[in-house]
Amino acid sequence: MPRMLDVSDEVRAEIGDEEADRLLAGDNAPGSYDCTSCRTPGDSENEHTSTVLFIGDETAVLAFAHATCLPSQVVQVTEAQLQGAVRSISGDTVDLDAGKVVPEQAVLGVTSGLVLIAGELHPALVVEPTAPIVRPGTTGAGDDFLPLLIEQGFMPLSELTEVPPVQHGWSVLLAMGQLHAVLQPSSHGGQPVAWWQAHQPLQVTEGWRAAANKHQQVLMFAAPVGSIGRQPREDLLRDALDKAAANGHLVGAALPLAGT
């Protein structure tokens, strides 16, 4: 029986016309599946379903998702990601200008939580380095973490009273029900590249995932080292965010959910 599948041009180019046509005809495609994003059941015979192709260094995995959760797309990952783990960025900082990882002594700490803005809960990621991050190609003291993000389009926030603007081209990769990466546009065009990758897929709560699927975006807040800390509860995290914003130490943006 034909399936209600969406096979994007980029997925078709990778798997070939013959395989794509077999999928659309109902061959090699499951009727029921677990959505690779929200992990709830789906049915490709009765609801629009996206084909998502994860490509590693040597192998590729074709997954399925509700079309309302993810568009059909190709996601470049490492072999480790295909095995359920993601490359560690320990001992690295992120080159925000070039989208590359360069050796330095800092790690990006990422905390997930729900943030209440204008009476509605939003899924959020809070990013704080473990050490100051200097501008790529420079040496010496100082912390350019926030200026680099502002140059990329993130907005300085003095208070959390409204949702920050959407940062187009960036996205949050939520796959197999877990948080894998924050993606940024490639400086050379083509597929987005990882700005941050989880050491291993990060578990998020059911409430966080439900809010992400509802809004189809995730709010990302970033602050310099020492501004937020690892807060054990969401109310304490919110207090720390409010304090960082009041002190001029917070930037933010809304990132589409796994958008390309």
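The values are calculated or read from the model by the stated rules, or taken from the named source; none is laboratory data. Quantities reported herein were computed from a predicted structural model and do not represent experimental measurements. No Cβ is skipped: glycine too gets one built from the backbone with ideal geometry, and neighbour counts run over all protein chains shown.
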Inset, instruction - Go through the residues of the stretch 251-258 one by one and say whether even a single one is within 11 Å of the chain's Cα centre (by Cα) and part of a loop (DSSP other than H, G, I, E, B). - result: yes
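Going by the conditions given, is PRO232 more than 17 Å from THR130 (Cβ to Cβ), out of contact with any Ser or Thr (no Cβ under 9 Å at 6 or more places or on another chain) and either surrounded by 16 or more Cβ atoms within 10 Å (Cβ to Cβ) or not assigned by TED's automatic domain parsing to the domain that holds GLU159 (or both)?
no
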Legend entry - Tally of residues being surrounded by fewer than 15 Cβ atoms within 10 Å (Cβ to Cβ) and assigned to a strand (DSSP E or B) across the stretch 168-199: 1
Inset, instruction - Scan the stretch 195-209 and give yes if some residue there is in contact with an Asp or Glu (Cβ under 8 Å, 6 or more places away or on another chain), hydrophobic (A, V, I, L, M, F, W, C) and assigned by TED's automatic domain parsing to the domain that holds LEU114, otherwise no. - result: no
Inset, instruction - Within the stretch 115-135, track down each residue that is among the small types (Gly, Ala, Ser), more than 16 Å from GLY226 (Cα to Cα) and surrounded by fewer than 23 Cβ atoms within 10 Å (Cβ to Cβ). - result: ALA118, GLY119
Inset, instruction - Identify the residue in the stretch 206-225 that is exposed (fewer than 15 other Cβ atoms within 10 Å of the Cβ) and in contact (Cβ under 8 Å) with a residue 24 or more places away in the chain and, among all such residues, is nearest to ASP144 (Cα to Cα). - result: GLN216
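Here is a yes/no grid of residues against (1) of a type in the set (Lys, Arg); (2) closer than 24 Å to GLN197 by Cα; (3) modelled with pLDDT of 70 or more:
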| site | (1), (2), (3) |
| --- | --- |
| ASN28 | no, no, no |
| GLY31 | no, no, yes |
| ASP43 | no, no, yes |
| GLU58 | no, yes, no |
| VAL61 | no, yes, yes |
| VAL74 | no, yes, yes |
| GLN81 | no, yes, no |
